[in-house]
1. Select from the range 1-14 the residues that are open to solvent by 10 Å² or more (accessible area, probe 1.4 Å) and under 13 Å from the mean Cα position of the chain (by Cα) and write down the one among them that is nearest to PRO59 (Cα to Cα).
2. Hey, any hits in the range 129-143 for a residue that's closer than 26 Å to VAL355 by Cα, in a loop (DSSP other than H, G, I, E, B) and modelled with pLDDT of 95 or more?
3. Would you be able to say whether some residue in the range 285-303 is surrounded by fewer than 21 Cβ atoms within 10 Å (Cβ to Cβ), in a strand (DSSP E or B) and among the β-branched types (Val, Ile, Thr)?
4. For residues in the range 30-75 being among the small types (Gly, Ala, Ser) and over 18 Å from GLY99 (Cα atoms), which is surrounded by the most Cβ atoms within 10 Å (Cβ to Cβ)?
5. Every residue in the range 258-270 that is open to solvent by 30 Å² or more (accessible area, probe 1.4 Å) and of a type in the set (Phe, Trp, Tyr), please.
6. Please go through the range 21-46 and pick out each residue that is more than 16 Å from the ligand (Cβ to nearest atom) and among the aliphatic types (A, V, I, L, M).
7. If a residue has to be more than 15 Å from the ligand (Cβ to nearest atom) and either modelled with pLDDT under 95 or open to solvent by less than 20 Å² (accessible area, probe 1.4 Å) (or both) to count, how many in the range 235-257 make the cut?
Amino acid sequence: MKITIVAGARPNFIKIAPLIHEIIRVKETGADISYRLVHTGQHYNHNLSDIFFKELEIPEPHANLEVGSGTQAEQTAGIMIGFEKELLQHPCDLVVVVGDVNSTMACSIVAKKLNIKVAHVEAGIRSFDLAMPEEINRMVTDAITDYFFTTSAVANQNLLKAGTNEHNIFFVGNIMIDTLRKNESRFKRPQFFDAHGLQEGNYIVMTLHRPSNVDDPVHLKNLLDAIVESIHDYHLVFPIHPRTQKTLDKINFKSDRLILIEPLSYLEFNYMVKNCKAVITDSGGIQEETTVLGIPCITMRSNTERPETVTVGSNVLIGNNIELLRQQLAHVFDGSWKKSSLPELWDGATAPRIVQQFLQLEKSGRL
Ligand code: UD1
């Protein structure tokens, strides 16, 4: 069985690592399975791409489409043109896409139009917010996916409500947690940690990159003012995504509480999260990682496609409501953060379940 795996942006790399390692492992035991990794080049910076391959020991991609940045349409179209050529030159039995980035949607469309079966890992999650490009990517991808690998019971329900055949849905758990568990003992204290006088528990980590939070300079400045005012004498460690940096360059924001840094590698970022007081974010995956690490997570969005991080986990949603932010930070500081636990099957063993299912699909003639 020949599988083509697609990865384009930072969160994809974290999801494909355990999948590729497991494919290599079962191939070595004699299973008829091989993979080809296609990097679309959506993320191309060293610290958004290369460092993830190195740290997570992901083998070199077999192809890089080098699509780079652009508008939503330019990027999506560039990936589609490149991936169509790639698939025509290197036919396969199954295309595997992960997550919800532009590469996920673009490549699933191309594969389907070439009549190749598509598997979507992290299928079925929904924010129901069509202002997010990721929600459109999820909906389009799942509209044409053949096999749905899901992280949660809610994702299964979303797919069933949309009319998906239940025999094509496989509840396998959360593959990001495979990567987290495997690497937890390797998390790396970044160099700036001591230089800034940081200690375990005396800082907050923040990541913001959603267009709704970071594209408007006035809004970004108000947000930063409010956060810095609310965190007492704690430090705010803010690894900056390139999109956010562009807006920050336009505003004059200074505070001795703020530690602005380049985007961190996986091992360094998760060291920072594991040892912090709380996280403020608008990312999807970080809501999941904080739930597993038991760290309070304040999400600056009014919805989430990962509701179990709120109902079961350590996450709260506050939209961009500054008063709610103050209230939630007060809970962090007075020790009254809610108790949380782990969602079902977020156990670090998702990749083997997925690969077993691939082999089963092949065996039963469904590929
Ligand atoms: C993408 C994903 C988002 C994911 C995020 C993780 C989509 C629609 N969004 O958003 O779901 O959470 O990645 O980081 O796919 N840039 C660089 N270097 C790079 C890549 C991007 O400087 O290696 C800059 C470019 O100026 C670009 C901007 O960042 O215009 C945005 O990049 P893009 O890939 O379009 O979206 P992200 O915001 O990174």
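The values are calculated or read from the model by the stated rules, or taken from the named source; none is laboratory data. Keep in mind that this is a model prediction, so the values were computed, not measured. Reconstructed Cβ throughout: ideal geometry from the backbone, glycine too, with neighbour counts over all protein chains shown. Accessible surface is based on the protein model in full, side chains and every heavy atom, while ligands, DNA and RNA are left aside. Shrake-Rupley method; radii C 1.70, N 1.55, O 1.52, S 1.80 Å.
1. Here the answer is ILE14.
2. no
3. Looking through the range 285-303, none of the residues is surrounded by fewer than 21 Cβ atoms within 10 Å (Cβ to Cβ), in a strand (DSSP E or B) and among the β-branched types (Val, Ile, Thr).
4. ALA63
5. none
6. Within the range 21-46, ILE23, ILE24, VAL26, ALA31, ILE33, LEU37 meet the criteria.
7. 9
Let's see how each residue does on (1) touching a residue at least 60 places away in the same chain (Cβ under 8 Å); (2) under 16 Å from the mean Cα position of the chain (by Cα):
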position	(1), (2)
VAL237	no, no
ASN252	no, no
ASP256	no, no
LEU260	no, no
SER265	yes, yes
TYR271	yes, no
ALA278	yes, no
SER283	yes, yes
